[in-house]
Amino acid sequence: MKNWISFPRAEGVASRQAHADLPPGTYERELGKEGFFGPATHMHHAHPPTGWTEWDGPLRPRAFDLTKLDGAAASPWDAVAVLGNASVALRFWRVGGAMDHLVRNGDGDELVFVHEGAGELYCDYGHLSFRAGDYIVLPRGTMWRVECHEPVAALLIEATGSSFLLPERGLVGAHAVFDPAVLDTPRIDDAFKAQQGETDWRVVIKRRGRLSTVTYPFNPLDAVGWHGDLAPVRLNVADIRPLMSHRYHLPPSAHTTFVADRFVVCTFAPRPFETDPGALKVPFFHNNDDYDEVIFYHAGEFFSRDNIKPGMVTFHPCGFTHGPHPKALQAALKPKRPATDEVAVMVDARDALDVGKLPDGVEWTGYVESWKGEGGR
Ligand SMILES: [Fe+2]
């Protein structure tokens, strides 16, 4: 336990609890440490904290439209680097048809999030079908390849030097959010056996970011069986049953799906809005002051963000306040619909992320202005 310099105080006009019954006409901002787990203060402002008129300097909220990355790559090692640091690498991969080689990541576990398309994964452990909305965790060192039925677009999240784990479920227990029984593993089935054979296969291995190729005179995906507690797993977002409260807007940390060293992966899945008259219905303004935040928008309508479409990414580096866009803010206490159908993947990184070299036109350079109202884009 950290011995924080931490003791609750209240000053001026303040609500008694977070995210509910705000003083009339005020905007709540959470200033928090440790990604919503550490000491925090809820401040009541007279103006929206995103009401800036000018912004100068390298720090700024950024947004990228990955649908404009249209080039397919036969290997995940040719995917486009979007954001990364020493602990996590986020890449966007478009692939079609069948890979003619195997790959193996020697740098860390890989989490594949299938944004579009469907296909078959073949790996050391057997055969696994995949479709849009699937997460596939590939333990470091797994050999794999895909055969696509339709063009696939995927977000690749590498836990560099570490492993993907499940988060602590705490009070709600091990079967909340998703029951681990819903995790599917590859099977040694007829399709897996049918792809085995005595022809040459290349394995392209990534280690320390550099590639090496090992060639076999047979398909090394030749297992006849296995036993153990290490295997790739598949989880579809449709099987996530998110935590929610009708009286309290839960923080993003309640939606944590996987954790790794120095970053977490959260999933925002369809859920009803809060119904309590005094409860906040949209994300509160916040400084998540120890984390850089990335959200990849997969499907549905993103209730807290104006002008954001599936396939886009927003990047909120540590150091400034952010929160709902103007239209969403108007709906903060009176949502037009009873529920949100959004599906989004969030990556919160403990260390500063660098943006990859992206082609012109991928970045929405006006994003910083998008809190000003209708004219953001
Ligand atoms: Fe945030």
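Nothing in this text is a laboratory measurement; each read-out follows from the coordinates by a stated rule. Fair warning: this is a prediction, and the values are worked out from it, not measured in the lab. Glycine gets a Cβ as well: all are built from the backbone with ideal geometry, and neighbour counts include every protein chain shown.
Points worth noting:
- Taking each DSSP H run with n ≥ 4 as -39500 (n - 2.57) and averaging over every residue of the chain yields -500 deg cm²/dmol at 222 nm.
- Radius 10 Å from Cβ of residue 65, net charge of other residues (Lys, Arg +1; Asp, Glu -1): +1
- Label sites at residue 10 and residue 189, each approximated as a point 7 angstrom past Cα along Cα to Cβ, lie 5.8 nm apart.
- Integer Hz, Karplus 6.51/-1.76/1.60 couplings in order for the range 65-71, x for Gly and Pro: 9, 6, 5, 7, 8, 9, x
- HN-Hα J in Hz across the range 157-171 - Karplus 6.51, -1.76, 1.60, θ = phi - 60°, x for Gly and Pro: 10, 9, 8, 5, x, 9, 10, 7, 10, 8, x, 4, 9, x, 4
- Protection-proxy order for peptides 91-102, 55-66, 205-216, each taking the mean of Cβ atoms within 10 Å per residue, highest first: 91-102, 55-66, 205-216
- Selection from 238, 299, 280 lying farthest towards where the dipole of the range 221-375 points positive, charges on Cβ: 280
- Taken one residue at a time, the phi angles of the range 27-36 give Karplus couplings (6.51, -1.76, 1.60, θ = phi - 60°) of 10, 8, 10, 9, 10, x, 9, 6, x, 6 Hz. Gly and Pro are set to x.
- In this structure the amide hydrogen of residue 261, modeled in the peptide plane, comes within under 5 Å of the amide hydrogens of 163, none closer than 5 places in sequence on its chain.
- Our summary gives the range 217-336 a relative contact order of 21 percent, counting only alpha carbon pairs under 8 angstrom and 6 or more residues apart.
- The chain: projected area of the alpha-carbon convex hull, averaged over directions, in nm²: 20.2 nm²
- Long-range HN-HN contacts of residue 38 with modeled amide H, under 5 Å: 33
- Whole-number percent relative contact order across the chain, with pairs defined as alpha carbons under 8 Å at least 6 apart: 21 percent
- Residues whose amide H lies under 5 Å from that of residue 177, counting only those 5 or more places away or on a different chain, are 241; hydrogens are built 1.01 Å from N in the peptide plane.
- Each other residue within a Cβ distance under 14 Å of residue 20 adds +1 if Lys or Arg and -1 if Asp or Glu, for a net charge of -2.
- Flagged links, alpha-carbon separation over 19 Å, of 33/334; 2/33; 68/327; 33/327; 33/357; 309/357: 33/334; 68/327; 33/327; 33/357; 309/357
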